[in-house]
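Engineer: Input: one structure, supplied below.
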Amino acid sequence: MNDYSYYLNKIGEFGIVQEVNHPIVGVSGLPGVKPREIVIFENGQQGQAFTLDSSKVGVLLFSRDPIQVGLRVARTGFQLSVPVGSELLGFIIDPLGNPLLKLASFKKPALHREIDDPPPGMSTRSRIKKSFLTGISIVDIMVPLGKGQKELIIGDRKTGKSSLLQTTIKNQVQSGAVAIYAAIGKKKSDIKKLQEFFENEGIFSKICIVASGSHDSPSLIYLTPYVAMTIAEYFRDAGQDVLVVLDDLSTHAKFYREISLLSHRFPGRDSYPGDIFYTHARLLERAGNFIHPKTGEVSITCLPVVETIEGDFTGYIATNLMSMTDGHIFFDSNIYYRGRRPAVNVSLSVTRVGRQAQDKVKRSINRELTAFLAMYEKMQNLSHFGAELTEGVKHILNLGDKIYKFFGQDPGLIIPSSVQLILTSLIWLNFLEGETDDVIYTYRQRMINMYNKNEKIKKTFDDIVYAESFNSLLANVAKKREAILSVCKTKEA
């Protein structure tokens, strides 16, 4: 970007700083300034026109550096844009496109893109019909997702939300997608841990982290998710499926509230500005499944995160985001404290478009297990009263325990879809009756390893799960029982 003198000579308009309520600066003058236009100060600092009224312009500063009353400001005539390109993959950048670590290997892309593009219209969108696999059994089977879906991740802090997101990113990157992670107002240590996880898994070269720290200017924190979505749109236009994680929008809303109050906007519920719903909806509507001239279809799948307090998801921001997304995965702190990982509450989680992307057998399993686990929860509540249990109730409780044990998995562990379905069938048919949890976990790991390494076993498993319904899948598994169990019991060399 050029300096103040260049833009003053080019446009011929200037303003003068009248008041400072950091990060909002009140500027008189600039009669032709447009909403969200970039302005530049005499000392080289930059800002964005945030509020406009008859007497002054509220400018949102991009840095924490102090600014003096009386300083002159010039218009630039353009909107905020960020560099976009494959050069950003494998790096952590700030919302202005600068690398957080000064590395010689970083090359700033030449192409720039405005961060406030309007959401694409209906004519450019396509029905969601491809499954979005996370590699996490409880999600892929019980709360399935589709490519292009907007699924809210909601729950208290420290309940395993980040672990699910990291595992999902790992599975998608290994499947050929690109991931953009927006770390909104995070601690430096959290950003570092995120980078280390991706580097250890060998997938960082397909990921871009757009990060703003808790110490950064509120303006940069506010811009973080928009920049992440803009980078995702570049890869979408290049024909690549993209996963965008916005972690988290409750922090984003708090900083947007702070900026709005400092700019004297009238507060609404919980002191949030009246356009908070519009602000988030406009951002999330940029995700979806789109028609592409070369690849046919291409998607931006968005996983926004919102943090609750003591499991209360009736808060203002949480309910706003629930209403503008295609479902939510609820992390329950009570389930977490019981030791279940991931701590997903299936009965309180929703997917509105994921099931239409499933094949027939997965839809059939989903229906069967949803009904069964609802009955399991009911029977569990009944057993707490000390009632005498019939054999049927004992069977339901035992089978439900086994299914939830199977759903448990460590962070970073990816379970292929075919292995998920076969193991579910083995448990449902009581073929693993009498086996301890540790033995079942060992069987599962052996199946995963053999599926990934042995093409013959991979084809066998894929043929087994090729079925019309859950019952036909169970019949296929029963026929191949000996072959499946021999894989489970084969020790690796």
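Engineer: Exactly one of these conditions fails for Leu389: (1) more than 20 Å from Thr490 (Cα to Cα); (2) under 32 Å from the mean Cα position of the chain (by Cα); (3) of a type in the set (A, V, I, L, M, F, W, C); (4) assigned to a loop (DSSP other than H, G, I, E, B). Give me its number.
Structural biologist: Leu389 satisfies every listed condition except (2).
Engineer: How many of the residues making up region 328-345 are crowded, with 23+ Cβ neighbours inside 10 Å and of a type in the set (Ser, Thr, Tyr)?
Structural biologist: 0
Engineer: For residues that are of a type in the set (Gly, Ala, Ser) and within 19 Å of Phe62 (Cβ to Cβ), tally how many sit in region 1-51.
Structural biologist: Number of matching residues: 5.
Engineer: Checking the conditions here, which among Leu485, Leu432, Leu473 is outside any helix (DSSP H, G or I) and not charged (D, E, K, R)?
Structural biologist: Leu432
Engineer: Among the residues of region 445-470, count how many are in a loop (DSSP other than H, G, I, E, B) and not charged (D, E, K, R). Talk me through it step by step, then tell me what you get.
Structural biologist: Taking region 445-470 first, the residues in a loop (DSSP other than H, G, I, E, B) are 454, 465-469.
Filter once more, so that each one left must be not charged (D, E, K, R): 454, 465-467, 469.
Of the residues in region 445-470, 5 are in a loop (DSSP other than H, G, I, E, B) and not charged (D, E, K, R).
Engineer: Now a separate question. Would you say Gly155 is out of contact with any His (no Cβ under 8 Å at 6 or more places or on another chain) and either on the phi > 0 side of the Ramachandran plot or in a loop (DSSP other than H, G, I, E, B) (or both)?
Structural biologist: yes
Engineer: Which members of region 6-25 meet the condition of being over 17 Å from Asp65 (Cβ atoms) and either surrounded by 21 or more Cβ atoms within 10 Å (Cβ to Cβ) or without any contact (Cβ under 8 Å) to a residue 12 or more places away in the chain (or both)?
Structural biologist: Of everything in region 6-25, those that are over 17 Å from Asp65 (Cβ atoms) and either surrounded by 21 or more Cβ atoms within 10 Å (Cβ to Cβ) or without any contact (Cβ under 8 Å) to a residue 12 or more places away in the chain (or both) turn out to be Tyr6, Tyr7, Asn9, Gly12, Gly15.
Engineer: Another question, then. Please pick out the residue among Val59, Val82 that is within 30 Å of Lys206 (Cα to Cα), touching a residue at least 12 places away in the same chain (Cβ under 8 Å) and of a type in the set (A, V, I, L, M).
Structural biologist: After ruling out the rest, the residue left standing is Val82.
Engineer: If a residue counts only when it is closer than 16 Å to Ser217 by Cα and not assigned by TED's automatic domain parsing to the domain that holds Tyr226, which strands (runs of 3 or more DSSP E) contained entirely in region 18-117 have at least 3 such residues?
Structural biologist: 46-52, 57-61
Engineer: Continuing with the same structure: Only residues that are assigned to a helix (DSSP H, G or I), under 13 Å from Asp140 (Cα atoms) and in contact with a Phe, Trp or Tyr (Cβ under 8 Å, 6 or more places away or on another chain): list them for region 343-360, please.
Structural biologist: If the condition is that a residue be assigned to a helix (DSSP H, G or I), under 13 Å from Asp140 (Cα atoms) and in contact with a Phe, Trp or Tyr (Cβ under 8 Å, 6 or more places away or on another chain), then Ala357 is the only one that fits.
Engineer: Here is a further query. Go through (1) surrounded by fewer than 24 Cβ atoms within 10 Å (Cβ to Cβ); (2) closer than 25 Å to Gly412 by Cα for Ala232 and report which single condition fails.
Structural biologist: (1)
Engineer: Name the residue, out of Ile154, Ile180, Ile203, Ile184, that is surrounded by 23 or more Cβ atoms within 10 Å (Cβ to Cβ), farther than 24 Å from Thr351 by Cα and at pLDDT 95 or above.
Structural biologist: From the options Ile154, Ile180, Ile203, Ile184, the qualifying one is Ile184.
Engineer: Under 26 Å from Asn398 (Cβ atoms) and among the acidic types (Asp, Glu): which single residue out of Glu482, Glu455 fits that description?
Structural biologist: Glu482
Engineer: Follow-up. Pull out all pairs, ordered by first then second residue, where Cβ-Cβ is under 6 Å, the residues are six or more apart or on different chains, the first lies in region 255-283 and is in contact (Cβ under 8 Å) with a residue 60 or more places away in the chain and more than 21 Å from Ala183 (Cβ to Cβ), and the second is among the polar types (S, T, N, Q) and surrounded by 15 or more Cβ atoms within 10 Å (Cβ to Cβ).
Structural biologist: Note: pairs meeting the criteria are Ser263/Thr51.
Engineer: If Gly148 meets every condition in (1) over 25 Å from Gly85 (Cα atoms); (2) in a loop (DSSP other than H, G, I, E, B); (3) out of contact with any Asp or Glu (no Cβ under 8 Å at 6 or more places or on another chain) apart from one, which number is that one?
Structural biologist: (1) is the only condition that Gly148 fails.
Engineer: Let me ask you something else. Need the failing condition index for Ile415 against (1) of a type in the set (A, V, I, L, M); (2) within 22 Å of the chain's Cα centre (by Cα); (3) in a helix (DSSP H, G or I), just the number.
Structural biologist: Among (1) of a type in the set (A, V, I, L, M); (2) within 22 Å of the chain's Cα centre (by Cα); (3) in a helix (DSSP H, G or I), Ile415 violates only (3).
Engineer: Considering region 392-411 alone, what residues qualify as being in a helix (DSSP H, G or I), in contact (Cβ under 8 Å) with a residue 40 or more places away in the chain and out of contact with any Lys or Arg (no Cβ under 7 Å at 6 or more places or on another chain)?
Structural biologist: Restricting attention to region 392-411, the residues satisfying the condition of being in a helix (DSSP H, G or I) are 392-407.
Still in the list and also in contact (Cβ under 8 Å) with a residue 40 or more places away in the chain: 404, 406-407.
Within region 392-411, Phe406, Phe407 meet the criteria.
Engineer: Here is a further query. Go through Gly148, Gly135, Gly213 for me and flag whichever is buried (at least 20 other Cβ atoms within 10 Å of the Cβ) and either in contact with a strand residue (DSSP E or B) (Cβ under 8 Å, 6 or more places away or on another chain) or in the same structural domain as Pro35 (by TED's automatic domain parsing) (or both). If you could, list the steps in order and put the result at the bottom.
Structural biologist: Working: Gly135 fails: either in contact with a strand residue (DSSP E or B) (Cβ under 8 Å, 6 or more places away or on another chain) or in the same structural domain as Pro35 (by TED's automatic domain parsing) (or both); Gly213 fails: buried (at least 20 other Cβ atoms within 10 Å of the Cβ).
Unique residue meeting the criteria: Gly148.
Engineer: Can you list residue pairs whose Cβ atoms sit under 6 Å apart, with the first residue in region 432-451 being outside the structural domain of Ile136 (by TED's automatic domain parsing) and the second being outside any helix (DSSP H, G or I)? Count only pairs 6 or more apart in sequence or on different chains.
Structural biologist: Matching pairs, first to second residue: Ile440/Leu432; Tyr451/Pro416.
Engineer: Next question. Quick one: what pairs do we get from region 89-115, first residue of a type in the set (D, E, K, R), second part of a strand (DSSP E or B) and surrounded by 13 or more Cβ atoms within 10 Å (Cβ to Cβ), C-beta under 6 Å, 6+ apart or different chains?
Structural biologist: That search, which allows pairs on different chains as well, returns Lys108/Pro83; Arg113/Ser81; Glu114/Gln79; Glu114/Ser81.
Engineer: I would also like to ask the following. Only one residue in Leu413, Leu421, Leu382 is closer than 24 Å to Ile335 by Cα and at pLDDT below 90. Which one? Quick ask: steps written out before the conclusion?
Structural biologist: Values: Leu413 fails: at pLDDT below 90; Leu421 fails: at pLDDT below 90.
Answer to the selection: Leu382.
The values are calculated or read from the model by the stated rules, or taken from the named source; none is laboratory data. Nothing here was measured: the structure is a model prediction, and the numbers come from that model. So basically every Cβ, Gly included, is an ideal-geometry build from the backbone, and we count neighbours across all protein chains shown.
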